[in-house]
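Participant: Input: one structure, supplied below.
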Amino acid sequence: MLRIAVCDDEKIYIDNISDLVKKYSEKKSVEIDVYQFEKSFDLLDRIEEGELYDAFLLDIYMPGISGMTVAEELREKHINAPVIFLTSSPDHAIEAFEVSATHYILKPISEEKFFSAMDKAISNVPEKSKDEILLKTERVYRSVFVNDIIYVETDGNYQRVFLSNGEEIRVRMTSAELFNLLCNWDRFYKCGRAYIVNLGKINKLTNKTVVVKGGNELQIPRNVMIDLKEAYFKFFDRHK
């Protein structure tokens, strides 16, 4: 099921776009839920609350916060979902390119152009969305691909998440809460209270330590290491 957010300050256009999405869904046999927003503030609030959407259909000219500003904020939050602009003016086409918009459609919207834009927008969405989680850092929400996570280390009331690109982000949640998100993927193993390890990122196991990609060495209690090794070899057998 794809989740698509439609934001336009004119209800008539929201209904028109929603009808086009429904027709597209029926023609392409793709299950889509549409979430309607008449105010860009409301859409951004839902994102701040942790809502994830697979694509965004945005009007540019809206009071308060424009659709272009919404797209810029999405990219600042590392939300890379496709954005399709639906607008009455061609004046912002260059700006649309700068926020990596998938398409820029002028109103009135034809079914042919809309379907073409949707084809492009959702072509890779299922593969991307199913492997992403949304984490709230100290400042913003971050969309993170789970396979970019090497390991997680508990630091007081925070979890330090170490990524493949060398970046470290801190999220205010318990280890159990974060593992509850990550356990949907079979590659993550919770090593006691201190660590969550991506089994696919392990370079070396000893009797007391785990060496992960990037070279970090994690001290693991001996009793936990026994179960970790078993989980690692099972994971390796499934994915070899």
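Participant: Work out the length of the dipole vector of the stretch 138-239 about its Cα centre, built from +1 on the beta-carbon of each Lys and Arg and -1 on the beta-carbon of each Asp and Glu, and round it to the nearest 20 debye.
Facilitator: Working: 16 positive and 12 negative charges, 26 e Å.
Dipole size: approximately 120 debye.
Participant: In whole Hz, what ³J(HN,Hα) sequence does the stretch 21-29 give by Karplus (6.51, -1.76, 1.60; θ = phi - 60°), x for Gly and Pro?
Facilitator: 4, 4, 4, 4, 4, 5, 5, 9, 6
Participant: Also, I was wondering about something else. List, in order, the whole-Hz ³J(HN,Hα) value for each residue of the stretch 31-48 obtained from phi through the Karplus relation with A = 6.51, B = -1.76, C = 1.60 and θ = phi - 60°; use x for Gly and Pro.
Facilitator: Running phi through 6.51 cos²θ - 1.76 cosθ + 1.60 with θ = phi - 60° gives 7, 9, 9, 9, 10, 9, 9, 8, 10, 5, 4, 5, 5, 5, 4, 5, 5, 4 Hz.
Participant: Highest first, please rank the peptides 8-16, 75-83, 51-59 by the mean number of other Cβ atoms sitting within 10 Å of their residues. Kindly include the intermediate steps, with their values, before the conclusion.
Facilitator: On the way: 8-16: 15.9, 75-83: 17.8, 51-59: 22.6.
Ranked from most to least packed, the peptides come out as 51-59, 75-83, 8-16.
Participant: Hand me the tally of lysine pairs in the stretch 24-157: alpha carbons under 29 angstrom apart, and the pair either on different chains or 8 or more positions apart.
Facilitator: Counting lysine pairs in the stretch 24-157 gives 29.
Participant: Tell me which residues come under 5 Å, amide H to amide H, from Leu57 once H is placed; ignore anything under 5 positions away on its chain.
Facilitator: Ala5, Val6, Cys7, Ile84
Participant: Of the listed values (i) 49; (ii) 58; (iii) 55, identify the label whose number matches percent of Cα pairs over 22 Å apart calculated from this model.
Facilitator: For percent of Cα pairs over 22 Å apart, the calculated option is (ii).
Participant: Multiply the residue separation of Asp119 and Asn203 by 0.36 nm, subtract the distance between their alpha-carbon atoms, and state the gained length in nm to one decimal.
Facilitator: Values: separation 84, 0.36 × 84 = 30.24 nm, distance 3.97 nm.
Contour length minus the Cα-Cα distance gives 26.3 nm.
Participant: How far, in nm, would the chain grow between Asp15 and Lys39 when pulled straight, counting 0.36 nm per residue and subtracting the alpha carbon separation?
Facilitator: 7.2 nm
Participant: How do Phe162, Phe41, Phe236, Phe85 line up, fewest other C-beta atoms within 10 Å first? Don't jump to the answer; show the numbers that get you there.
Facilitator: Working: Phe162 21, Phe41 15, Phe236 12, Phe85 24.
Ascending Cβ contact count within 10 Å gives the list Phe236, Phe41, Phe162, Phe85.
Participant: DSSP beta bridges in the chain, what fraction antiparallel, as a percent rounded to 5? Please report the intermediate quantities before stating the final value.
Facilitator: Working: 29 of 46 bridges.
Taking every DSSP beta bridge with both residues in the chain, the antiparallel ones total about 65 percent.
Participant: Starting from the Cα-Cα distance between Thr137 and Arg46, subtract it from 0.36 nm times their residue separation and give me the gain in nm to one decimal.
Facilitator: My answer for the length gained is 31.1 nm.
Participant: If you place +1 on the Cβ of every Lys and Arg and -1 on the Cβ of every Asp and Glu, how big does the dipole about the Cα centre of the chain come out, in debye to the nearest 20?
Facilitator: On the way: 33 positive and 40 negative charges, 318 e Å.
The dipole magnitude comes to about 1520 debye.
Participant: Can you give the translational diffusion coefficient of the stretch 76-217 in µm²/s, computed by Stokes-Einstein from the Kirkwood radius over Cα pairs at 10 °C and 1.306 mPa s? Write out the running numbers ahead of the final one.
Facilitator: Numbers: Rh = 17.6 Å.
The estimated diffusion coefficient comes to 90 µm²/s.
Participant: Separate question: Taking the Cα centroid of the stretch 107-177 and of the stretch 12-86, what is the distance between the two, rounded to the nearest whole Å?
Facilitator: 17
Participant: When the helices in the chain are scored as -39500 (n - 2.57) per DSSP H run of 4 or longer and the sum is shared across all residues, what 222 nm value do you end up with, to the nearest 500 deg cm²/dmol? Before the final figure, lay out each step's value.
Facilitator: Working: 8 runs with 86 residues, N = 240.
Here the helix-only value at 222 nm equals -11000 deg cm²/dmol.
Participant: Right, here's the next one. Let's test this: bin the Cα-Cα distances of the stretch 150-240 at 10 Å from zero up to the farthest pair and state each bin's percent.
Facilitator: 17, 53, 29, 1
Computed from the coordinates by the stated procedures, all read-outs in this text should not be read as laboratory data. Note that this is a predicted model, so its numbers are computed, not measured. Cβ: placed from backbone, ideal geometry, glycine included. Neighbour counts: every protein chain shown.
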